[in-house]
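Notes follow the structure.
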Amino acid sequence: MNIIIFGPPGAGKGTQSDFIVKKYNLFHLSTGDLLRDEIKKQTPLGEKISNIVNKGSLVSDEIVNTLIKNIISKKEYEKRIIFDGFPRNLSQAKNLEKILNNYNQKIDLVLKLSVSLKVIKRRIQERQTLENRADDNEATAIKRFKTYEDSTEPIIHYYKKLNILKEIDGERSIDQINKEISDIIDVK
Ligand code: AMP
């Protein structure tokens with residue numbers, strides 16, 4: 001089963017993905033993590049990405065499309081990917097469908113974690129003390145939240161029409177959210 005998990009930055013996508021990955025033996029594909037790995041390697045591409053990510057802007061579709069294609073093409077990840085942070089806009093969503101189609105696959109389920117900006121600001125502050133990510137500060141958090149809303153809402157609508165979208169209240173406890181997600185996956 002291939003899954004997409006949506007939610008604004010700080011919604012708990014990483015935490016919930018870890019849980020789903022372990023329970024259902026999936027591969028966690030986070031474009032944010034892949035991009036941060038590239039930055040760590042300090043390649044010319046990494047440097048270019050670093051400037052964009054630290055401003056809270058989106059990296060070009062071309063860069064992320066290449067990164068995800070490298071993963072989808074691997075037999076070991078066939079029909080067992082959870083996409084986190086991708087797709088970020090309609091063009092990425094359509095491209096994802098095309099790539100998956102080429103490998104005889106599709107998206108089976110789309111999970112959307114809904115969390116308000118007020119709760120996000122508090123969580124980003126907490127994560128800043130724990131992980132010290134350069135893009136975790138209030139101004140960037142607000143910008144990333146707005147970018148998420150503006151560019152992701154059309155994709156949510158797209159998956160709603162395909163009838164594979166499940167909306168989840170992401171302001172509850174981690175365990176409650178785990179349970180709801182398991183119940184959804186178990187009947188799929
Ligand atoms: P994330 O860890 O998903 O919050 O992503 C961190 C940052 O990486 C984002 O603010 C963007 O700058 C960049 N990024 C991650 N995924 C994508 C994507 N699918 N398209 C463009 N930029 C992305």
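Need the full-extension length gain, L45 to K98, defined as separation in residues times 0.36 nm minus the C-alpha distance. One decimal, nm.
That pair, L45 and K98, stretches by 16.6 nm at full extension.
Quote the charge dipole size of the stretch 14-118 about the Cα centre in Debye, to the nearest 20; the model charges only the Cβ of Lys and Arg (+1) and of Asp and Glu (-1).
160 debye
Can you give me the distance in nm between label points at N70 and D183, each placed 7 Å from the Cα along the Cα-to-Cβ direction?
4.0 nm
With the cut-off at 24 Å, tell me which of the pairs K13/K179; K22/K188; K23/K118 have Cα atoms farther apart than that.
K23/K118
Within the set of other residues whose C-beta is less than 14 Å from the C-beta of K79, count the net charge using Lys and Arg as +1 and Asp and Glu as -1.
Summing Lys and Arg as +1 and Asp and Glu as -1 gives +2.
Tell me, S116, S50 in order of fewest to most beta-carbon neighbours within 10 Å?
Result, fewest neighbours first: S116, S50.
Placing +1 on the Cβ of each Lys and Arg and -1 on the Cβ of each Asp and Glu in the stretch 1-75, which of L58, V21, S73 has its Cα farthest towards the positive end of the resulting dipole?
The residue sitting farthest along the positive end of the dipole is V21.
Which net charge results for the neighbourhood of K98, defined as the other residues with beta-carbon distances under 12 angstrom from its beta-carbon, given Lys and Arg at +1 and Asp and Glu at -1?
+2
Using a basic spin-label model with each label point 7 Å from the Cα along Cα→Cβ, how many nm lie between Q176 and L117?
Label-label distance for Q176 and L117, simple model: 2.4 nm.
Lys/Arg Cβ at +1, Asp/Glu Cβ at -1, dipole of the chain taken about the Cα centre: which of G12, N132, L162 is farthest positive-ward?
Going by the charge dipole, the pick is L162.
Can you pull the semi-axes for the stretch 1-119, root of five times each eigenvalue of the Cα gyration tensor, sorted largest first, whole Å?
Largest first, the stretch 1-119 gives 22, 19, 14 Å.
Test of understanding: what is the full-extension gain from D61 to N137, defined as 0.36 nm times their sequence separation minus their Cα-Cα distance?
Additional length available on full extension: 24.9 nm.
Which shape class, rounded, prolate or oblate, goes with the stretch 113-187 when its Cα gyration tensor gives a ≥ b ≥ c as root eigenvalues, a/c under 1.5 marks rounded, and past that a/b bigger than b/c marks prolate?
oblate
Using Cβ counts within 10 Å as a stand-in for footprinting exposure, how do E180, E76, E138 rank, fewest first?
So the ranking, lowest neighbour count to highest, is E76, E138, E180.
We did not get these values from a lab; they are worked out from the coordinates using the rules stated. In this text the structure is predicted, and so the values were computed from the model without any measurement. Using ideal geometry, Cβ is built from the backbone for each residue, glycine included, and neighbour counts are taken over all protein chains shown.
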